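Worksheet: one structure, shown below.
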Amino acid sequence: MNQIEIKKNAKKLAIAFNKGSFISPISTKFTKNSKVANMLRAESESLIKSPIIGFKAGGTGKAMLKKLGEKEPFYAAIFKKNLLKSNGSVKINKYTLGIELEVFYQVKKSFFSNSKKITEKNVSSVVSHMGPCIEVVGYRQKKKGLTYLGDLISDFGANVKFIIGKKQKFKKLKFNNLATSLYNKKSGQVANGNTKTVYDSPLKSLIWLLNKIKKNKIDLNKDFLVFTGSTVGVVPIQKTGLFKGEIKSLGSVKAKIKN
């Protein structure tokens, strides 16, 4: 892939991200192949001024990966400007894809100096806290829907905002089987799910992401957050208003969605 073209499109995406504006859809030659989409994502992220506070795992639903012909999820950087606390307000638009409910973890700075591969047995040595999170997903481009996983990858993982609930100290819950629900009081819209839909377990999604960024020699030199993927899929927003997400044994989180 021509690096000049990647840099040109990355600059467009970065400007849209920084200004909260929208651009015409980028060519599918940047989205058909996940490797190319990741090159564009990484170049775009390097142009963002807001500090990186963590990473998200995307495409963690195995059924979706199989349907799209992909072998593994992807990750994308999360920037400070996109992080809110529970009850935070998020303005949506016609390019918003929907809303998700997921588990987040806080990872210790010491992870970056840990040379060992992260496993289920030693993950507790690098994770300090966890909690529930709502993610609003959408594009910086004037397009809707999803044809390739690269559609999401190339557009910063399609993350608009992350709203985090109260943190609690990390402990090994039954992350492969926790009931979840996302509810809109105004419309009565309800989406029920389970943490097992997230790459079999949000903990496995976390471990995959940590080993991936370790392999790619990424070092933030500080504690950071990891968002592990939706437990309810991408839920279309039927009406604006207050959404409340609940994850058994983890607690709840709220987000105010407005036009």
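The values are calculated or read from the model by the stated rules, or taken from the named source; none is laboratory data. All of these numbers come straight from a predicted model, not from anything done at the bench. So basically every Cβ, Gly included, is an ideal-geometry build from the backbone, and we count neighbours across all protein chains shown.
Do we find a residue being among the acidic types (Asp, Glu) and within 30 Å of residue 14 (Cβ to Cβ) anywhere in the stretch 129-137?
Of the stretch 129-137, the ones among the acidic types (Asp, Glu) are 135.
Filter again for within 30 Å of residue 14 (Cβ to Cβ), leaving 135.
Within the stretch 129-137, one or more residues are among the acidic types (Asp, Glu) and within 30 Å of residue 14 (Cβ to Cβ).
Go through 78, 99, 118 for me and flag whichever is over 30 Å from residue 21 (Cα atoms), among the β-branched types (Val, Ile, Thr), buried (at least 16 other Cβ atoms within 10 Å of the Cβ) and in contact (Cβ under 8 Å) with a residue 60 or more places away in the chain.
Values: 78 fails: over 30 Å from residue 21 (Cα atoms); 99 fails: over 30 Å from residue 21 (Cα atoms).
Criteria check complete, one pass: 118.
Give all pairs with beta carbons closer than 9 Å in which a residue from the stretch 26-43 that is closer than 17 Å to residue 77 by Cα meets a residue that is assigned to a helix (DSSP H, G or I) and acidic (Asp, Glu); count only pairs at least 6 apart in sequence or on separate chains.
Going by the 9 Å Cβ cut-off, the qualifying pairs are 37/151.
Among the strands (runs of 3 or more DSSP E) lying completely within the stretch 81-191, list those that include at least 1 residues that are among the basic types (Lys, Arg). Break it down into steps so the answer makes sense when it comes.
Values: elements: 83-85, 88-91, 96-107, 127-138, 159-164, 179-184.
Because the criterion is at least 1 residues that are among the basic types (Lys, Arg), the strands (runs of 3 or more DSSP E) in the stretch 81-191 that meet it are 83-85, 88-91, 159-164.
Restricted to the stretch 143-180, and to residues that are small (Gly, Ala, Ser) and touching a residue at least 60 places away in the same chain (Cβ under 8 Å), which residue is farthest from residue 195 (Cα to Cα)? Let's see the steps before the verdict.
To start, the set of residues in the stretch 143-180 that are small (Gly, Ala, Ser) comprises 145, 150, 154, 157-158, 165, 179.
If we keep only those that are touching a residue at least 60 places away in the same chain (Cβ under 8 Å) too, we end up with 150, 154, 157-158, 165, 179.
On the way: 150: 24, 154: 26, 157: 20, 158: 21, 165: 16, 179: 7 Å.
Step by step, filter the stretch 143-180, then rank; the result is 154.
Just need a number here: residues in the stretch 49-58 that are under 22 Å from residue 102 (Cβ atoms) and modelled with pLDDT under 95. Before you say what the answer is, go through the steps one by one.
Filtering the stretch 49-58 for residues under 22 Å from residue 102 (Cβ atoms) gives 50-58.
Filter once more, so that each one left must be modelled with pLDDT under 95: 50.
Within the stretch 49-58, residues that are under 22 Å from residue 102 (Cβ atoms) and modelled with pLDDT under 95 number 1.
Take the stretch 209-259 and flag every residue that is more than 26 Å from residue 72 (Cα to Cα) and in a loop (DSSP other than H, G, I, E, B). Talk me through it step by step, then tell me what you get.
Let us first name the residues in the stretch 209-259 that are more than 26 Å from residue 72 (Cα to Cα), namely 221-222, 237-246, 248-259.
Residues satisfying the conditions are 221, 222, 237, 238, 239, 240, 248, 249, 250, 259.
Being surrounded by fewer than 23 Cβ atoms within 10 Å (Cβ to Cβ), closer than 29 Å to residue 16 by Cα and not polar (S, T, N, Q) is true for just one of 188, 145, 150. Which residue is that?
Numbers: 188 fails: closer than 29 Å to residue 16 by Cα; 150 fails: surrounded by fewer than 23 Cβ atoms within 10 Å (Cβ to Cβ).
Of the residues listed, the single one that is surrounded by fewer than 23 Cβ atoms within 10 Å (Cβ to Cβ), closer than 29 Å to residue 16 by Cα and not polar (S, T, N, Q) is 145.
One line per residue, one yes/no per condition, for (1) farther than 20 Å from residue 212 by Cβ; (2) of a type in the set (A, V, I, L, M):
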position: 11; (1), (2): yes, no
position: 17; (1), (2): yes, no
position: 20; (1), (2): yes, no
position: 26; (1), (2): yes, yes
position: 38; (1), (2): no, no
position: 66; (1), (2): no, no
position: 71; (1), (2): no, no
position: 96; (1), (2): yes, no
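So which residues in the stretch 10-25 are hydrophobic (A, V, I, L, M, F, W, C), under 14 Å from residue 143 (Cβ atoms) and either free of Cβ contacts under 8 Å to residues at least 24 places away in the same chain or in contact with a Leu (Cβ under 8 Å, 6 or more places away or on another chain) (or both), if there are any at all?
First, pick out the residues of the stretch 10-25 that are hydrophobic (A, V, I, L, M, F, W, C): 10, 13-17, 22-23.
In the following step, the residues that additionally are under 14 Å from residue 143 (Cβ atoms) were identified as 13, 16, 22-23.
Correct list: 13, 23.
Considering only the stretch 46-78, state which residues are more than 13 Å from the chain's Cα centre (by Cα) and part of a loop (DSSP other than H, G, I, E, B).
46, 47, 48, 49, 50, 51, 69, 70, 71, 72
From the list 5, 43, which one is of a type in the set (D, E, K, R), assigned to a helix (DSSP H, G or I) and crowded, with 17+ Cβ neighbours inside 10 Å? If you could, list the steps in order and put the result at the bottom.
Details: 5 fails: crowded, with 17+ Cβ neighbours inside 10 Å.
None of the other options fit; the residue is 43.
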